[in-house]
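Written below as structure tokens is the structure these notes are about.
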Amino acid sequence: MVVEILNVATKKRKLNDREMALGFMNDDSLRAILLPTLASDHPNLRLSCRRICQILDSSIYRKERSEQGYAEVKVELLSPFEQYKRYRESMNCHMNPSNERWLKDTDDESEEDEEEKEASKAPCSTDEEFVRDYDHLGDTTNYYGDRAFYSNTFRVFVDGWPLNDQKKIPRREFKLKVQLLRLRAPFYQKCDADSQCLMDLASSLFTKRGTPKAACIKDAVDGDRRPLLYIAEFETPVEYRSTSSTVGPLIIQEILKIFRDEYSVAVYIPWGDTQYAEEEMYPDRHAERIFGRDLTDKEVRAKAKRDERFRALTDQDIRQFFRAGFRQVDEASIVDTAANSYVYATPGLEIRSVLTERQALDRTIASKPPPPPEKTGLARELLYLIRNKCDEHRQTVERIKCWQQPLEKVPIVAQSLRMLEQMIDDQTHKIHEMRNAAEESIEKMRSQRRLILDQKTLVEELPEGSDLSSFLENIHSMLETLDLLDDLDTSCEGVSYVTNCFDMMSDKIIQNEKELSKCINTGKQMIEELKAKLNEQRCIVYKNSHPVIKENLAKEEASLESLMKDVREAAEAILDRADTDEARHQVLLNADAIHACATHKNLVFVEMVLGLLPPPQRTGALNRLDPHGLSALMLVGQASQLGGLESGEYRQFIEALLALGADVNVVDAKTGFSALGHFRNCRHSSLASLYGGQHSASGLRQLEMLEIAKIEMLLTPDGGATDADKSLLFDEEDDDEEEVESEESSEDDGSSDDDGDHDSDDEDDHDSNGDYDGNN
């Protein structure tokens with residue numbers, strides 16, 4: 001039948017004959033016949049019949065062809081010169097988007113003309129920019145020497161159709177971004193500058209110097225220090241989104257072949273958004289936006305359903321890469337703590353053909369334990385009550401502390417004083433300006449008077465009958481400036497007239513100087529008066545603020561007392577709705593209310609919630625593990641923050657929990673951390689974010705370091721720190737040595753290693769203990 005159809009395409013029969021020849025077949029039969037045809041025959045088949053053309057262009061045909069394994073894929077990287085031409089074209093469009101000259105300043109017109117002429121030249125393979133900045137892969141001007149290749153840097157064809165040409169194939173989403181990242185310091189810094197996902201990948205799988213710390217990757221790489229091939233984005237059109245489709249795996253394999261000699265390991269972060277079918281894309285689009293209120297049971301179930309679908313699609317994305325020869329990073333320590341799942345491949349793991357769907361489905365996907373179900377019923381109601389009231393309690397306590405501050409720091413007093421000081425400062429500033437202007441005027445007048453006296457002396461020395469016209473012109477203008485023309489004595493003539501004018505001007509200047517000096521003295525007195533007025537107004541503000549502060553403080557304290565009473569009554573009302581005392585206590589435990597109070601570091605609420613339980617059950621409730629396997633004391637350890645520890649409030653809260661019966665010997669089954677380990681891990685993460693991923697405690701103040709030592713003594717288990725706790729100890733000397741080595745290697749690479757190869761044959765043994773891990 002395929003031969004017959006091809007004959008129809010080549011014999012150029014009439015349209016009616018062709019339609020009659022195919023009229024006996026329905027679309028499914030004709031599509032089944034066309035599935036195994038070669039992509040090179042499709043142009044002729046399209047010319048043979050409109051119906052065949054419609055079937056070949058249909059999404060269902062493309063979908064079935066990819067699932068049956070007939071799809072033909074071709075991927076090419078644009079040549080360096082093609083990339084350079086596209087770059088120049090985009091720059092020309094950016095510089096002159098409307099093909100009109102920009103408005104230019106006359107001073108810069110010649111320089112901009114030269115730049116515009118240079119940019120408008122046709123790209124040439126001998127251009128200095130091309131020769132300097134491009135190699136066999138393309139642009140090399142990245143700051144860290146890394147590479148990035150986007151969809152428009154490739155030519156991707158599926159059955160002859162270009163996926164990345166949106167003009168020819170509208171409404172089809174195809175995204176592709178590939179990065180080559182050099183595995184060398186500062187690896188964390190450049191990954192963090194790129195994206196949070198890349199930073200999570202780097203901290204989970206590599207050290208800050210780019211050395212693999214995941215055992216499976218370390219074994220597969222085997223010391224190879226070539227760059228990391230990071231597939232940052234990979235999204236195919238919706239008709240190719242299924243585990244049975246071969247288009248995605250074939251494209252991935254073609255990409256690995258293009259960069260075969262350039263990378264040591266390829267890594268991808270699977271993401272469920274890339275696998276949604278067309279009818280279910282953007283699943284949160286129709287979800288109600290919830291602000292300022294808690295979820296209902298129905299909304300909790302709907303969210304859980306969407307999350308479950310996202311996880312299933314993420315697994316589908318993983319299996320797509322399984323078929324291309326990738327493997328999953330399945331170490332439990334990484335799977336349980338990392339923000340995402342990771343799949344990897346190395347040049348040595350490449351396969352010749354894609355795996356079958358059955359082979360991909362048979363592979364086990366390591367995943368995190370499912371998140372605990374959202375609380376419902378009375379437990380959810382109680383938990384939300386405690387959370388919301390904890391926030392309200394914290395805000396009330398903060399307001400009380402504000403009213404209890406020294407008087408000048410109380411907000412209303414400080415604001416009144418600022419306004420008063422600003423008003424006085426403005427007036428004082430104006431007086432200073434007037435004084436400065438008066439002093440400048442006096443200085444000018446003195447210079448002018450000296451000039452007048454010199455000219456008077458010169459006139460008196462002139463012989464009788466000398467021409468005084470030049471003096472008279474200057475004299476009349478100066479008299480007009482000093483407003484003395486009306487007082488001028490015109491009865492005198494000659495030298496006497498001129499000297500008389502000079503005397504009048506000199507006297508007037510002396511009079512003006514005295515008046516300005518008087519103004520300056522008055523300004524000084526006004527400034528002193530303003531200072532006295534400021535002190536007087538301060539006293540008035542302090543005096544009037546006392547009753548206001550006392551009243552507001554009493555109001556806030558009453559509000560706090562009323563809040564605690566209302567919370568206890570509301571909590572008891574919720575518990576009273578339980579059938580039995582045992583169910584009542586179980587609701588309180590299931591709500592994890594004590595853990596919520598501990599997270600907020602609210603001792604009053606912890607004591608209030610424990611008071612709702614019988615005394616024998618309180619210690620057990622305080623040390624009970626939440627659905628994540630954490631005790632209240634562990635959550636307090638996770639809530640530590642750098643800065644503010646020196647106040648001692650955090651340590652005092654821990655001491656209070658220990659006094660209530662909190663157990664430091666409880667260990668997290670997943671990580672092996674005790675409360676001490678969680679405290680250290682939180683401090684590591686905070687240090688890494690503050691100091692760019694480098695473990696340096698030098699940024700901490702001495703008082704804070706002393707407080708940290710006291711806290712660690714309180715949290716240390718009776719039998720000593722666990723092995724996991726010990727692995728988080730700072731080793732500052734080793735870390736400083738590593739930083740020095742990193743700086744020296746960077747200098748060596750910049751001066752002598754033109755190819756960018758990073759010599760790091762010596763493995764640093766303390767990477768697993770001394771490196772930032774943002775996902776722990």
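Per residue of the stretch 82-89, what does 6.51 cos²θ - 1.76 cosθ + 1.60 with θ = phi - 60° give for ³J(HN,Hα)? Whole Hz please, x for Gly and Pro, Karplus curve as stated.
Using θ = phi - 60°, the values come out as 5, 5, 5, 5, 5, 4, 5, 4 Hz.
Can you tally the net charge around Phe234? Count Lys and Arg as +1, Asp and Glu as -1, for every other residue whose Cβ sits under 9 Å from the Cβ of Phe234. Intermediate values should be presented prior to the final figure.
Values: positive: Lys175, Lys177; negative: Glu233, Glu235, Asp317.
With Lys, Arg at +1 and Asp, Glu at -1, the neighbours total -1.
Simple spin-label model, 7 Å along Cα-to-Cβ: Ala277 to Asp362 in nm?
Between Ala277 and Asp362, the simple spin-label model gives 2.8 nm.
Would you mind getting me the FRET efficiency between Arg309 and His136? Use the beta-carbon distance for r and R0 = 56 Å, nearest 0.05.
Approximately 0.80, to the nearest 0.05.
Compute the distance in nm between two label points, each set 7 Å from the Cα along the Cα-to-Cβ direction, one at Ser79 and one at Ser441.
Calculated label separation equals 8.0 nm.
Ranked by accessible surface with a 1.4 Å probe, highest first, in what order do Glu299, Glu569 come?
Glu569, Glu299
Considering only protein heavy atoms and a 1.4 Å probe, what is the carbon-and-sulfur percentage of the accessible area of the stretch 485-607?
Within the stretch 485-607, the accessible surface is 50 percent carbon and sulfur.
Out of the total accessible area of the stretch 22-76 (probe 1.4 Å, heavy atoms of protein only), what percent is carbon and sulfur?
The nonpolar share, carbon plus sulfur, comes to 50 percent.
Could you give the length gained by full extension between Glu529 and Glu374, i.e. 0.36 nm per residue of separation minus their alpha carbon distance, to one decimal place?
Taking Glu529 through Glu374 to full extension adds about 49.0 nm, to one decimal.
Between Lys401 and Leu35, what is 0.36 nm times their sequence separation minus the Cα-Cα distance? Round to one decimal in nm.
124.1 nm
Residue-wise, which Karplus ³J(HN,Hα) couplings in Hz belong to the stretch 500-513, taking 6.51 cos²θ - 1.76 cosθ + 1.60, θ = phi - 60°, and x for glycine or proline?
Ordered by residue, 3J(HN,Hα) equals 5, 4, 4, 5, 4, 5, 5, 5, 5, 5, 4, 5, 5, 4 Hz.
Mind checking the full-extension length gain between Asn26 and His432? Use 0.36 nm per residue of separation minus the Cα-Cα distance, one decimal, nm.
Using 0.36 nm per residue and subtracting the Cα-Cα distance, I get 136.5 nm.
Taking 60 Å as R0, compute the FRET efficiency from the Cβ-Cβ separation of Asn500 and Arg418 and round it to 0.05.
Efficiency at R0 = 60 Å is approximately 0.55.
Val265's amide H: which non-local residues (gap 5+, or another chain) put their own amide H closer than 5 Å, with H modeled 1.01 Å from N in plane and none for Pro or chain starts?
When sequence neighbours closer than 5 places are left aside, the close amide H contacts are Leu229.
How many nm is it between the label spots at Lys177 and Met564, if each spot is 7 Å from the Cα in line with the beta carbon?
Once both label points are built, they end up 5.2 nm from each other.
What percentage of the solvent-accessible surface of the stretch 173-227, computed with a 1.4 Å probe over protein heavy atoms, is contributed by carbon and sulfur atoms?
C and S fraction of accessible area: 45 percent.
The values are calculated or read from the model by the stated rules, or taken from the named source; none is laboratory data. Worth saying up front: this structure is predicted, and the values here are computed from it rather than measured. With ideal geometry, Cβ positions are generated from the backbone for all residues, glycine too; neighbour counts draw on all protein chains shown. What goes into the accessible areas is simple: the full protein's heavy atoms, side chains included, and nothing from ligands, DNA or RNA. Shrake-Rupley method; radii C 1.70, N 1.55, O 1.52, S 1.80 Å.
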